[in-house]
Amino acid sequence: MSSAEQCQSGHESVCFTVLADPSVGLLARVIQPFARRALEPDSFSAQRHDTVVRVDIAIQRIPFEMVHLVVGNLHQIVGVHSVATAKMDMGML
């Protein structure tokens with residue numbers, strides 16, 4: 001799907017990256033903002049690097065207006081240091 005087609009459909013492909021303190025239940029809390037909105041990730045991975053956990057969640061079709069809502073919810077999770085988003089090409093998964 002081209003950028004023009006994505007704009008017309010009101011959706012985009014996004015990868016969310018969360019850096020947080022490792023803790024019991026962290027992954028469940030990170031996926032919750034997506035589940036609440038019936039968003040199904042296409043890819044989900046988590047890796048621990050010393051004292052930080054990196055969680056990457058990719059979604060191929062997410063409505064534009066949902067992106068900032070999910071980011072806001074992710075920032076509110078206790079222990080989260082940062083949340084970043086990156087637009088993806090459809091073939092990146």
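The values are calculated or read from the model by the stated rules, or taken from the named source; none is laboratory data. Owing to the predicted nature of the structure, the values given are computational and were not obtained by experimental measurement. Neighbour counts run over all protein chains shown; Cβ positions are idealised from the backbone, glycine included. These accessible areas exclude ligands, DNA and RNA; they are computed on the full protein's heavy atoms, side chains included. Shrake-Rupley method; radii C 1.70, N 1.55, O 1.52, S 1.80 Å.
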Test: residue in the stretch 46-56 that is among the hydrophobic types (A, V, I, L, M, F, W, C), assigned to a strand (DSSP E or B), surrounded by 15 or more Cβ atoms within 10 Å (Cβ to Cβ) and without any contact (Cβ under 8 Å) to a residue 24 or more places away in the chain: yes
Single residue of the stretch 1-34 satisfying the filter (modelled with pLDDT under 95 and part of a helix (DSSP H, G or I)) that is surrounded by the most Cβ atoms within 10 Å (Cβ to Cβ): Q6
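Would you confirm whether any residue within the stretch 52-70 is within 13 Å of E12 (Cα to Cα) and among the small types (G, A, S)? Talk me through it step by step, then tell me what you get.
Looking only at the stretch 52-70, we keep the residues that are within 13 Å of E12 (Cα to Cα), and these are 58-68.
With the extra rule that they be among the small types (G, A, S), the set shrinks to 58.
The answer is yes, given that some residue of the stretch 52-70 is within 13 Å of E12 (Cα to Cα) and among the small types (G, A, S).
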R37, sole failed condition from (1) under 14 Å from F16 (Cβ atoms); (2) open to solvent by less than 30 Å² (accessible area, probe 1.4 Å): (2)
Residues of the stretch 68-88 classified as modelled with pLDDT of 95 or more and either within 13 Å of L26 (Cβ to Cβ) or open to solvent by less than 40 Å² (accessible area, probe 1.4 Å) (or both), total: 11
